[in-house]
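One structure below.
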Amino acid sequence: MKKAITTGAGLAAMMLGGCAGLGAAVAPPQLTPIHNPATVAGSQRVSMPLPPPVMETAAANSLWRAGAKSFFDDQRANKIGDILTVNIEIADSAQVSNTSARSRTSATDTSVDALLGLEDTITNALPGTPSLSPGVAFGSTSASNGTGSVNRQEKVKLTVAAVITDRLANGNLVIGGSQEVRINNELRELLVSGVIRPEDVASDNTIEHTKIAEARISYGGRGDISAVQRDKYGKLLYDQITPF
């Protein structure tokens, strides 16, 4: 009786484990918890060549502040923690065509006219009807033809909000932002990070991706559609080890 109870408990545990594994396999991709945007731009502080610091003298009783855009407060992002909008619009295309051809033919003949008077002896000793003239002959022919072409077109138009994570000594700003959108069982993720100048931020608190130095832009997804399009592990392993 005790053995039957133990066996039943084991079967129940296996069924529960199988159900849990099946549930994890069919569950939709989960959103990533909100985290510190500084980890998107990198956990290490950005180090870049900087000009020597310039000391500005403040004018007494002056209403004008050096570097100010107007007499009123500037609402554009310029401090750590401020948010700005990054407009990403990439429309790249490349077309390359290359054709190469190569051929080579070589021939070598070597004759033995005299061999210490042993020509007749060697000829009679060899089977068949050999001849020492020519004694050795080589010939080779090689040809190689190649054709390659590249036709690539990319078009991406996205908008994402980023957070200022650091301010460099020369005033440049380090930004980092992420965005996740889940539709049914497919999750799309957009990451952006880089270094910008405060002067490049437009009056509507936006900046173009072409004005981001050291830009890192990633757009991808995970879920049912991405899993179908991705090669299986067996094929990836075969492609790595096959010599052909």
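The values are calculated or read from the model by the stated rules, or taken from the named source; none is laboratory data. Just so you know, these numbers come straight off a predicted model, no measurement behind them. Quick reminder, even Gly has a Cβ in these numbers, built from the backbone with ideal geometry, and neighbours come from all protein chains shown.
Among the conditions (1) closer than 15 Å to Asp82 by Cβ; (2) surrounded by fewer than 16 Cβ atoms within 10 Å (Cβ to Cβ); (3) of a type in the set (A, V, I, L, M, F, W, C), Val201 misses just one, which is (2).
Taken across region 137-149, residues that are modelled with pLDDT under 85 and surrounded by 10 or more Cβ atoms within 10 Å (Cβ to Cβ) do occur, with at least one present. Arg230 fulfils the conditions (1) basic (Lys, Arg); (2) at pLDDT below 90; (3) surrounded by 13 or more Cβ atoms within 10 Å (Cβ to Cβ) except for a single criterion, (3). Is it the case that some residue within region 183-202 is touching a Ser or Thr at 6+ places or on another chain (Cβ under 6 Å) and of a type in the set (A, V, I, L, M, F, W, C)? The answer is yes; a qualifying residue exists. Out of Ser193, Ser140, Ser144, one residue alone is in a strand (DSSP E or B), in contact (Cβ under 8 Å) with a residue 40 or more places away in the chain and farther than 30 Å from Pro53 by Cβ. It is Ser144.
For region 204-221, which positions are surrounded by 15 or more Cβ atoms within 10 Å (Cβ to Cβ) and under 19 Å from the mean Cα position of the chain (by Cα)? Hits for region 204-221 are His209, Ile212, Ala215, Ile217, Tyr219, Gly221. Taking every residue in region 221-244 that is assigned by TED's automatic domain parsing to the domain that holds Leu191 and over 24 Å from Ile183 (Cβ atoms) and pairing it with any residue that is loosely packed, with under 10 Cβ neighbours inside 10 Å and of a type in the set (Phe, Trp, Tyr), at least 6 positions away or on another chain, yields no pair with a Cβ-Cβ distance below 8 Å.
Taken residue by residue, region 163-171 has no member that is within 21 Å of Arg76 (Cα to Cα), of a type in the set (Asp, Glu) and out of contact with any strand residue (DSSP E or B) (no Cβ under 6 Å at 6 or more places or on another chain).
If you go through region 218-232 one residue at a time, how many are in a helix (DSSP H, G or I) and of a type in the set (Asp, Glu)? Matching residues across region 218-232 total 1.
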